[in-house]
Amino acid sequence: MALKIDTDRFTNLALEEHDGGLWVVTLNRPAKRNALDIDTIEELVDFFSVAPRAGVRAVVLAGAGDHFCAGLDLVEHHDEDRSPADFMHVCLRWHEAFNKMEYGGVPVIAALQGAVVGGGLELASSAHVRVMDQSAYFALPEGQRGLFTGGGATIRVTDLVGKARMIDMMLTGRVYQGQEAVDLGLAQYIVEGSSFDAAMDLARKAAENLPLSNFAICSAVSHMQNMSAMDAAYAEAVVAGVVNTQPAARERLAAFADKTAARVRRND
Ligand code: 1HE
């Protein structure tokens, strides 16, 4: 039986359910530029733990206000005066949240504006698709703050932009924005208008796929990247065995065979 998401339990995230299993998850501390305090991380863990079993078919991840996310809550971090072990456990909770996003099997489309920095970029890079508007910019200011990344940037941001650029971003505080950010892989789309509207369109499209296909796309690809080529090819065959024979796909295959299904055409 599908689990229910108890939206009343969330305060740092605003949750909205839309038609077709589409959910909007908004970081909702605009006065703090959506900085990630521990409560926000716990809410992300909660939501993304349940979403795959609650009929959620796609998520748009957004930030309230002019900035997507200012990263680690530096004031909380300062006030808590954490021990190494304390902060290690904080980082492990970030990983729990972000791994649930990346490996959970539900498409997550991030709608980016303003600052996408530090832990905000770590969060965005855990989404499957990133859409930026003209105001969005990306940076890793950890070096300047006397810090180091702890929410997966060494893995995910390096995957997106490569090791040399990642190290440069951390050493020099380099900011990427505009088309250059897309060319480097920090986002897949840049739009003139609202990144939120564009992310909603993409999420609606993704939500029309069969859930089992999306599960494979949004978990198997990431898992396979962690495997040897031999093991990944084997795992791909096993996943395709399950997904490509799902009863729900027969209708779509029949529609292709009887020529009622849309064909793939080049863009006009
Ligand atoms: C914050 C944070 C924050 C804003 N933690 N409170 N991240 C950074 O180094 C980025 C730090 N933030 C900024 O550079 C700027 O705030 C922004 C570019 C994001 C936005 O600038 P602006 O001029 O719109 O806002 P502001 O005046 O700087 O901040 C408004 C409020 O948000 C203010 O609080 P107030 O109570 O004084 O009004 C700020 O303190 C608060 N605020 N950003 C806490 N990050 C797992 S390791 C990950 C390591 C990292 O992420 S390091 C990167 C940290």
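For this structure, a couple of remarks:
- Glu96 crowded, with 24+ Cβ neighbours inside 10 Å, within 14 Å of the chain's Cα centre (by Cα), part of a helix (DSSP H, G or I) and within 16 Å of the ligand (Cβ to nearest atom): no
- When the criteria are applied in full, Gly178 fails the requirement of being under 22 Å from Phe98 (Cβ atoms) and of a type in the set (Gly, Ala, Ser).
A quick yes/no check of all residues on (1) farther than 18 Å from Glu122 by Cα; (2) open to solvent by 20 Å² or more (accessible area, probe 1.4 Å); (3) assigned by TED's automatic domain parsing to the domain that holds His67; (4) of a type in the set (Ser, Thr, Tyr):
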residue	(1), (2), (3), (4)
Thr154	no, yes, yes, yes
Val161	no, no, yes, no
Ile167	no, yes, yes, no
Val191	yes, yes, yes, no
Asp197	yes, yes, yes, no
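- Evaluating Leu140 against the criteria (1) open to solvent by 10 Å² or more (accessible area, probe 1.4 Å); (2) in contact with a helix residue (DSSP H, G or I) (Cβ under 6 Å, 6 or more places away or on another chain); (3) within 11 Å of the ligand (Cβ to nearest atom); (4) more than 21 Å from Ser49 (Cα to Cα) leaves one unmet condition, (1).
- Taking (1) more than 19 Å from Thr26 (Cβ to Cβ); (2) within 11 Å of the ligand (Cβ to nearest atom) in turn, Leu121 satisfies each apart from (1).
- In region 71-88, the qualifying residues are those that are part of a loop (DSSP other than H, G, I, E, B) and farther than 16 Å from Ala153 by Cβ, and the one that is most open to solvent (accessible area, probe 1.4 Å) is Asp81.
The values are calculated or read from the model by the stated rules, or taken from the named source; none is laboratory data. Note that this is a predicted model, so its numbers are computed, not measured. As a convention, Cβ positions derive from the backbone with ideal geometry for all residues, glycine included, and neighbour counts pool all protein chains shown. The area values use the complete protein model at the heavy-atom level, side chains included, leaving out ligands, DNA and RNA. Shrake-Rupley method; radii C 1.70, N 1.55, O 1.52, S 1.80 Å.
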